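Have a look at the structure below before the remarks.
Read-outs: derived from the displayed coordinates by stated rules, not from any lab. Keep in mind it's a predicted model, so treat the numbers as computed, not measured. In this analysis, Cβ positions are derived from the backbone assuming ideal geometry, glycine residues included, and neighbour counts consider all displayed protein chains.
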Amino acid sequence: MTAHILDGASLARSIRAEVGRRAAELSAHGRQPGLAVLLVGDDPASTVYVRNKVKDCEESGIRSLLERMPASTTESALLSRIRALNADPAIHGILVQLPLPAQIDARKVIETIAPDKDVDGFHVASAGALMTGQRGFLPCTPYGVMKMLEFAGTPLAGAEAVVIGRSNIVGKPQALLLLQADATVTICHSRTRNLAEHTRRADIVVAAVGRARMLTGDMLKPGAVVIDVGMNRDAQGKLCGDVDFDSAAKVAGWITPVPGGVGPMTRAMLLVNTIEAAERA
Ligand code: GUN
């Protein structure tokens with residue numbers, strides 16, 4: 001078997017086009033959506049991520065406000081800036097790029113963002129809303145993964161889904177979203193005893209551990225849908241996911257590439273959340 005490729009780049013393009021239409025509609029009524037992006041310090045990876053987010057906004061008709069603050073910024077200065085943006089009616093979404101310098105408590109920063117502007121979906125109110133099935137903002141990566149599963153026409157009700165990874169921003173919300181869609185969900189992690197025993201039973205596997213090519217074809221059920229959230233560098237410095245693509249693609253029914261899979265979808269869902277925030281405002 002050779003898997004179908006789940007092309008995140010192409011799906012993200014169509015989502016951005018739809019966001020563009022919704023943004024134009026809001027702008028026509030004098031309510032252009034606005035996203036504030038705060039970058040503290042000059043971490044090279046964060047700088048690239050933030051630049052891409054701003055570029056996505058421009059292309060979709062969302063106004064972006066990029067604020068760069070020095071690495072020496074105090075926690076109270078950052079919190080004051082967030083409170084001002086919370087009160088700014090032209091700003092519908094606030095994103096503080098992580099990681100933050102050591103003197104700043106990231107949890108405190110996230111909880112200071114108004115929940116109705118929490119387009120990252122990281123606020124405890126957003127997590128609580130997801131947990132209890134209420135309206136909030138979904139974290140962009142698991143939200144994007146659900147869109148990819150929908151696009152692939154993957155039946156979720158009653159399906160065996162295995163999520164590898166238990167982070168607050170991917171693994172845990174991913175498991176809750178799959179559960180909400182009536183899948184039977186197993187969360188595996190670094191202390192799971194026999195990972196392959198779980199993954200071989202799975203109709204859907206979402207790998208979000210951050211270990212290069214750890215999920216191999218022999219660990220999969222034939223025809224499984226394999227979603228690779230990983231973004232790693234191998235020993236040769238080559239970009240790769242958590243899934244060993246070559247062996248997995250021989251067994252899976254659908255598989256996401258790295259790059260060009262989940263990454264573009266994460267970026268697209270940030271725009272969707274921002275539009276949602278502006279429409280709700
Ligand atoms: N750093 C890496 N990914 C993300 C993300 O999705 N949101 C924020 N705020 N910071 C990040």
Taking the alpha-carbon distance from Lys108 and a cut-off under 18 Å, which lysines remain once sequence neighbours fewer than 8 residues away in the same chain are dropped?
Lys117
Surrounding net charge for Ser126, when Lys and Arg each add one and Asp and Glu each subtract one, Cβ distance under 11 Å
-2
Greater than 21 Å apart at Cα, pairs in Lys53/Lys172; Lys53/Lys147; Lys55/Lys172:
Lys53/Lys172; Lys55/Lys172
With θ set to phi - 60° and the Karplus curve 6.51 cos²θ - 1.76 cosθ + 1.60, what are the ³J(HN,Hα) couplings of the range 198-213 in order, to the nearest whole Hz, using x for Gly and Pro?
6, 5, 5, 8, 8, 7, 9, 10, 10, 9, 9, 10, x, 10, 3, 6
Rounded to 0.05, the calculated FRET efficiency for the beta carbons of Ala28 and Glu67 at R₀ = 25 Å is 0.35
Provide the net charge surrounding Asp43, with neighbours chosen by a C-beta distance below 13 Å and charges set as Lys +1, Arg +1, Asp -1, Glu -1.
+1
Amide H proximity to Trp254 below 5 Å, modelled H, separation 5+ or other chain, gives His4, Val225, Val226
Which whole-number percentage describes the relative contact order of the chain, with Cα contacts under 8 Å and a sequence gap of 6 or more?
23
Rough spin-label spacing in nm, given labels placed 7 Å along Cα→Cβ, for Ala84 and Thr47
2.4
Largest fluctuation, Pro115, Pro139, Pro155 only, Gaussian network model of the chain with Cα springs under 10 angstrom, belongs to Pro155
What full-extension length gain, to one decimal in nm, is calculated for Arg107 and Asp182 as 0.36 nm per residue of separation minus the Cα-Cα distance?
23.9 nm
I need Arg107, Arg68 ordered by Cβ neighbour count within 10 Å, fewest first.
Arg107, Arg68
With bins of 10 Å, the percent of all Cα-Cα pairs of the range 155-281 per bin from 0 is 14, 42, 33, 9, 2
Residue-count net charge about Glu160 - beta-carbon cut-off 9 Å; Lys, Arg +1, Asp, Glu -1:
+1
Considering only the range 128-256, what is the antiparallel percent among its DSSP beta bridges, to the nearest 5?
10
Calculate for the chain the 222 nm mean residue ellipticity that helices alone would give, adding -39,500 (n - 2.57) per DSSP H run of length 4 or more and normalising by residue count, nearest 500 deg cm²/dmol.
-12500 deg cm²/dmol
Phi angles of the range 176-192, converted by Karplus (6.51 cos²θ - 1.76 cosθ + 1.60, θ = phi - 60°) into ³J(HN,Hα) in whole Hz with x for Gly and Pro, give 5, 5, 5, 5, 4, 8, 6, 6, 8, 10, 10, 9, 9, 7, 4, 9, 5
Whole-number value, in Å³ per residue, for the convex hull of the alpha carbons of the range 24-67 is 46
Starting from the Cα of Glu59, step 7 Å along the direction of its Cβ; do the same at Thr2; then give the gap between the two resulting points in nm.
2.8
Binned at 10 Å from zero, the C-alpha pair distances of the chain give percents of 7, 28, 34, 23, 8, 1
In nanometres, the difference between 0.36 nm per residue of separation and the alpha-carbon distance of Thr132 and Ala114 is 4.6 nm
Unit charges on C-beta of K, R, D, E only; dipole of the chain, Debye:
160
Given H placed on each backbone N at 1.01 Å, which residues far from Met69 in sequence or on other chains put an amide H within less than 5 Å of it?
Leu39, Val40, Gly41
Length gained when the stretch Arg280-Ser76 is fully extended (0.36 nm per residue, less Cα-Cα span):
70.5 nm
About its Cα centre, the range 1-121 carries a charge dipole, from +1 on Lys and Arg Cβ atoms and -1 on Asp and Glu Cβ atoms, whose size in debye to the nearest 20 is 240
List the residues whose amide H sits under 5 Å from the amide H of Glu160, counting only those 5 or more places along or on another chain, with H placed 1.01 Å from N in the peptide plane.
Thr184, Asp203, Ile204
Would you work out which of Tyr49, His4, Ala90 lies farthest towards the positive end of the dipole of the range 1-154? Charges go on Cβ: Lys and Arg +1, Asp and Glu -1.
Ala90
Counting only DSSP beta bridges with both partners in the chain, the antiparallel fraction in percent, to the nearest 5, comes to 5
May I ask you to evaluate 6.51 cos²θ - 1.76 cosθ + 1.60, the Karplus curve with θ = phi - 60°, for each residue of the range 259-266 and list the ³J(HN,Hα) values in order in whole Hz, giving x for glycine and proline?
x, x, x, 5, x, x, 5, 4
